[in-house]
Amino acid sequence: MSELLKVDNLIKNFGGLTAVSDVTMHLNSNELVALIGPNGAGKTTLFNLLTGVITPSSGSVVLAGKEGTFPLNNKKAYQIAKLGLSRTFQNIRLFKEMTVLDNVLIAMTSRYKEGFVSSILRFPSYYRTEREMKEEAIKLLKIFSLDQQTETLAKNLPYGIQRRLEIVRALSTKPQILFLDEPAAGMNPEETADLTRLIIEVQKEFHITVLLIEHDMSLVMQVAQRIYVLDHGSLLAEGSPKEIQQNPAVIKAYLGEEA
Ligand SMILES: Nc1ncnc2c1ncn2[C@@H]1O[C@H](COP(=O)(O)OP(=O)(O)OP(=O)(O)O)[C@@H](O)[C@H]1O
C-alpha cells in the first residue's frame, strides 16, 4: 500500500484554543480509515483542514496521487476538490428544491471540461457530454438504489436517503479520497445497517480511499481497516479496530462511556 495523503505536524489555533495540536497521520491508497474521538476533540476541524475549508496555523498536508505530488496547504476548497478530494458534511447540503438526478449532475459538472462557447452554441460535443453525464449519474444512483427516484425532489426524500444522495454526489466527482463526516448521524438502526453495507461496497467497487468521522462505534468497528483516535486536538492512538477497542487510554478517554 502506498501513502496517498501525508499529514505532518498539523496545528490549528482558534485564538487561544488549539483545536488541532501537532497531528501527524497518513492515508494509504484504497484504505478505509476512521477518525474517532469525544465531542470537541477536533475531528471536524481536522477534516476542514484536509479539505481546504480552513487553513492550518502550521504543518503540512501533501497528496501523492496518480497525477503527482501536490502540497495542499493554502489551497482553496475547490482546488483541493479538483485534485480528487471529495467530502460530505455533517449537515446535509443538497439542493432541496431540485431533483435527485439534477443534484448529481450539478456535482458532476465540476469534472467535465466542456467549454463555455460549446455550451452556449450547443455544439454536438455538448449534447454528448450531457448524455454521458446522465448515463453515468444514473449508473451511480443505481448502485445506491436511487435510480427509481431520479425525478423526486431532494426535499421529499426520507432523511437517511438524503444522506445517501450526498454520498452519491461526492462520489460523482470521481475522487481519489472520499471524506465522510458523520454519515450515519440522525439515521435509524435500519438505515445505519444499510449504510454500513454500502460504505464497504463503495470502497471496494470504486477502489478509493475513505476517511470517515463517525460516532456510531458499531459502524466504525465494522467498516474501518484502521482507526485514528483524537482527544483534545491530539492523536491519542492509532491501530486496527481490535487494537483500539483494547487500548486502555482510548477506553478511558472515549469508549469508556460505552464500555
Ligand atoms: N471556527 C471556530 N472558532 C473557534 N473555535 C472553534 C471553531 N471550530 C471549532 N472550534 C473549537 O475547536 C474544538 C474542536 O471542535 P471540532 O468541531 O473540530 O470537534 P469535533 O471532534 O468535530 O466535535 P463533534 O464530535 O462534537 O462534532 C472545540 O473546542 C470547538 O469549540
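The values are calculated or read from the model by the stated rules, or taken from the named source; none is laboratory data. Just so we're clear, the structure is a prediction, and the values are computed from it rather than from any experiment. Don't worry about glycine lacking a Cβ; one is built from the backbone with ideal geometry, like all the others, and counts go over all protein chains shown. SASA here: full protein model, heavy atoms, side chains in, ligands and nucleic acids out. Shrake-Rupley method; radii C 1.70, N 1.55, O 1.52, S 1.80 Å.
Here are the numbers for the structure shown:
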item	result
Selection within segment 144-198 - farther than 21 Å from PHE95 by Cβ, open to solvent by 10 Å² or more (accessible area, probe 1.4 Å) and in contact (Cβ under 8 Å) with a residue 40 or more places away in the chain	GLN176, LEU198
In segment 213-234, residue farthest from ASP181 (Cα to Cα) [restricted to those that are within 13 Å of the ligand (Cβ to nearest atom) and part of a strand (DSSP E or B)]	SER234
Residue in segment 195-213 that is charged (D, E, K, R) and under 12 Å from ARG87 (Cα atoms) present	no
Strands (runs of 3 or more DSSP E) lying entirely in segment 1-105 (those with 3 or more residues that are touching a Pro at 6+ places or on another chain (Cβ under 9 Å))	3-14, 58-65, 85-87
Residue that is most open to solvent (accessible area, probe 1.4 Å) [pool: residues in segment 46-71 that are more than 16 Å from the ligand (Cβ to nearest atom) and under 16 Å from THR173 (Cβ atoms)]	LYS66
Whichever residue in segment 16-41 is free of Cβ contacts under 8 Å to residues at least 60 places away in the same chain and more than 9 Å from the ligand (Cβ to nearest atom) and, among such residues, is surrounded by the fewest Cβ atoms within 10 Å (Cβ to Cβ)	GLY16
